[in-house]
Amino acid sequence: MADAPPALSRRRKDKTQPPIERLIVPLDGTHEAETAITPALKIARQLQIPLELFTVHDPVRGRWATGIDSVADEIAYAHVEVVCVSAGWAGDHLIHSAQETPGAVICLATHNRDRFSRMITGSVTEHVIRHSARPVLMVGPEYEPAFEPHQYRDCIVCLDGSGRDEAALHTARVWAQQLDLTLHLVHIDSPSKPEEPRIYEETLASLASDFTQAGIRADYSHLTDSDIAEGIMSFQTDTPGTLAVLTSRNRGVTRWVLGSVTATVLAHTTSPVLLAKPAQHL
């Protein structure tokens, strides 16, 4: 963890995030890809916005379009749309599709945990993480929706004092306002640094107060764990269906695209992860 608490009350000079207006779920004909429909559908129903099932028909690289109409027909929701692009690479088409609607959010499912790092490198997932101008909602290979609530009510925001905290806080604010989420601001204190709770206490309390004054339910807490990712997942386990706002780096390869903590959480958590974009992308 960083040695200094996150900065407070800095005004963003860049564009703010638009409200969520559309959920885009890319499908490739696999059951794993379809798992992203569940969190996207919950959000779409709550906000009464379109849920777009997106696929590319590419007979050379794979049968992307197979069965997508059947999948759509099985969804009990009036605002399901199917988009099938006849050819090309899914990564480029996804980014282009999302750009057409400023409030579009791409919802991705990752697959086999053992192949997680290899899958991220050079994949559609990596391309979306790098180039999406908006937060990306993701579910990992251990995602388990069975015990989730009917709609999302809680969101954990893990702060570490880095420059990426600002993006996480901004994304959390936008989503909390629109989805009526309770924000749980968390710092994972290292057992080897007993001074950390004192250092971060004032910052966390001030941030929670700012959210409360803005009409957003918020609290804060310190969790002690030598492994930051384990601390985050422990919180999610105690509160099933809790979204976790984490950040991506948008550079490097494999785990560095996400950051090691984010990659570990995504590979093992049973709950959705919302990747906040650095300030320059919002």
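Here, each number is a calculation from the coordinates, and none is a lab measurement. What you are looking at is a predicted structure, and each value in this text was computed from that prediction instead of being measured. All Cβ positions, glycine included, derive from the backbone under ideal geometry; neighbour counts span all protein chains shown.
Considering only Leu185, Ala218, Thr101, the residue lying farthest towards the positive end of the dipole of the stretch 85-236 is Thr101, judged by Cα position with unit charges set on Cβ. As a calculated quantity, the FRET efficiency between Ser260 and Ala78 at R0 = 51 Å, using C-beta atoms, amounts to about 0.80.
The stretch between Ser192 and Glu142, if pulled fully straight at 0.36 nm per residue, gains 15.0 nm over its current Cα-Cα span.
Scoring 172-180, 97-105, 69-77 by mean Cβ neighbours within 10 Å over their residues and listing the highest first yields 172-180, 97-105, 69-77. Hydrodynamic analysis of the stretch 181-234 uses the Kirkwood radius over alpha carbon pairs. Inserted into Stokes-Einstein at 20 °C and 1.002 mPa s, it gives a translational diffusion coefficient of 183 µm²/s.
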